[in-house]
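Peer 1: First the structure, which I've put down as structure tokens, then a few questions once you've had a look.
The values are calculated or read from the model by the stated rules, or taken from the named source; none is laboratory data. Source: prediction; values computed, not measured. With ideal geometry, Cβ positions are generated from the backbone for all residues, glycine too; neighbour counts draw on all protein chains shown. What goes into the accessible areas is simple: the full protein's heavy atoms, side chains included, and nothing from ligands, DNA or RNA. Shrake-Rupley method; radii C 1.70, N 1.55, O 1.52, S 1.80 Å.
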Amino acid sequence: MNHFFLCILIITTTIFSLPTQSKAATDSQRNIALHDRTLSFQEDEVRLVNSQMIVPLEKMARYLYADIVKTADQILVTKNNTSISYHYRTKETKVNGITEIANPVIVIDDVLFMPIRFLGESTGFKVDYLTNILTARLYTDTYPHLSHSEFIKKVTKEKQPIQKPSPPSDQPTVYLTFDDGPNRYTSDNLRILKEYNVKATFFFVGSQINHFKSLTSQTFQDGHYLGLHSMTHNRNKLYVSSKAFLGEMRTEAELIKNLTGHTSVLVRAPYGSSPYVTPAMRDALKSGGYKLWDWDVDTVDWKINDAEYQEIINNVKKGVEKARLAKDQHIVILLHDRSQTTKALPAIIEWLQKSGYSIQPYNPNQHVTQNFGNHSGI
């Protein structure tokens, strides 16, 4: 009889201790980090299956700056002289041409997932799990990075709630706008904006959207406004005629609409509306129901290197204060999805909030005229 109850106890304990995919899919606490950076993943993208943390193969490969080649038959990921391939028909995974007997790829809703440890170690990274912050961290000794204890302190500090002062009613509204994404820096900017509970306006390039569709969707889902920055960002193609100019904006608007359901009406002309946007182009935009935004504060972040990112912060402070003294109640700041801008962004937001400015995304229901010629109705 004692043996019988012992068996029942063992079976019961085993059943309740096994990890399940449904539980893992809703576990949003686990994170992936690369050196000193926590990567941006949606809630259902970092899962626990059979006691292994799995992530979307293609998305993680992009974070590793791996080469990705996709064909109708397979996906091939190459990093640090290691090639990992998955064949869609045979469902085989090969590392440097050798088939993995225990196939590491898991297909969930047509997305290829792979254990983060397998992917990291196969491509030359060390992978450690930091229990304190529920994070799998990838790193290499050849790239400078914080120690695990220093990284944990950094992440813990970043997660602390930030006290935001109530903005005075007489302070202008500020709009943070980001050009030239989506790219690998967009996800970092989204993470920072989320930490500070700030919404922004992103002027994406259509050709980039085609490469970062999930990131485009995430930007919209996070509550940011998606604007139009042309399909090509090529002045020799874009400004050749009104038809070409409007055509690129319409094509991009349709691309965003199909991807997110969002109807975008706000245009930022590459390199600014002056002198490129002609009266005929403005009329074409107006007839199509589009609006045109330039900026008040040019941070020139695109030509400032990483080491001098403080200069971007200073440019924001000088530009915003100058606009405020000029009685501008709606101040548009020009930024770009670049690494130096990501470094400057937390300090920019903190200064704006402490100074009492209200940071808002573009609102199509409350359009503000913001173009270099101050042309009304657009």
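Peer 1: Kirkwood hydrodynamic radius (Cα pairs, Å) of the range 222-378?
Peer 2: 16.8 Å
Peer 1: Would you mind classifying the range 139-263 by shape? Square roots of the alpha carbon gyration tensor eigenvalues, ordered a ≥ b ≥ c; an a/c under 1.5 is rounded, otherwise it is prolate if a/b is larger than b/c and oblate if not.
Peer 2: Details: a/c = 2.56, a/b = 1.54, b/c = 1.66.
Because a/c hits 1.5 or more and a/b fails to exceed b/c, the range 139-263 counts as oblate.
Peer 1: Where does each of S85, S214 land when they are ordered by accessible area, with a 1.4 Å probe and the largest first?
Peer 2: Listed by decreasing accessible area, they come as S214, S85.
Peer 1: Quickly work out the R235-to-S149 label distance, labels modelled 7 Å from Cα along the C-beta direction, and quote it in nm with one decimal.
Peer 2: Modelled inter-label distance: 5.4 nm.
Peer 1: In addition: How much length would be gained if the chain were fully extended between K322 and L259, taking 0.36 nm per residue of separation minus their Cα-Cα distance, in nm to one decimal?
Peer 2: Result for the pair: 18.8 nm of gain on full extension.
Peer 1: Please label the shape of the range 251-340 as rounded, prolate or oblate, based on the square roots a ≥ b ≥ c of the eigenvalues of the alpha-carbon gyration tensor (a/c under 1.5 means rounded; beyond that, a/b larger than b/c means prolate, else oblate). List each step's numbers first, then the result.
Peer 2: Details: a/c = 2.19, a/b = 1.55, b/c = 1.42.
Since a/c reaches 1.5 and a/b is larger than b/c, the shape of the range 251-340 is classed as prolate.
Peer 1: Of all accessible surface on the chain at a 1.4 Å probe, what whole percent is carbon and sulfur?
Peer 2: 51 percent
Peer 1: Rounded to the nearest whole Å², what accessible area per residue is found for the chain with the 1.4 Å probe?
Peer 2: Averaged over the residues of the chain, the accessible area is 51 Å².
Peer 1: Moving to a separate point now. Can you bin the chain into rounded, prolate or oblate? Criterion: square roots of the alpha carbon gyration tensor eigenvalues sorted a ≥ b ≥ c, rounded for a/c under 1.5, prolate for a/b above b/c, oblate for the rest.
Peer 2: prolate
Peer 1: If you average the C-alpha positions of the range 273-340 and of the range 54-73 separately, how far apart do those two centres end up, in angstrom?
Peer 2: Each part's Cα centre sits 34 Å from the other's.
Peer 1: Once the whole set of protein chains is in place, how much accessible area is left on E100, using a 1.4 Å probe, in Å² to the nearest 10?
Peer 2: Approximately 60 Å² of E100 is accessible to the 1.4 Å probe.
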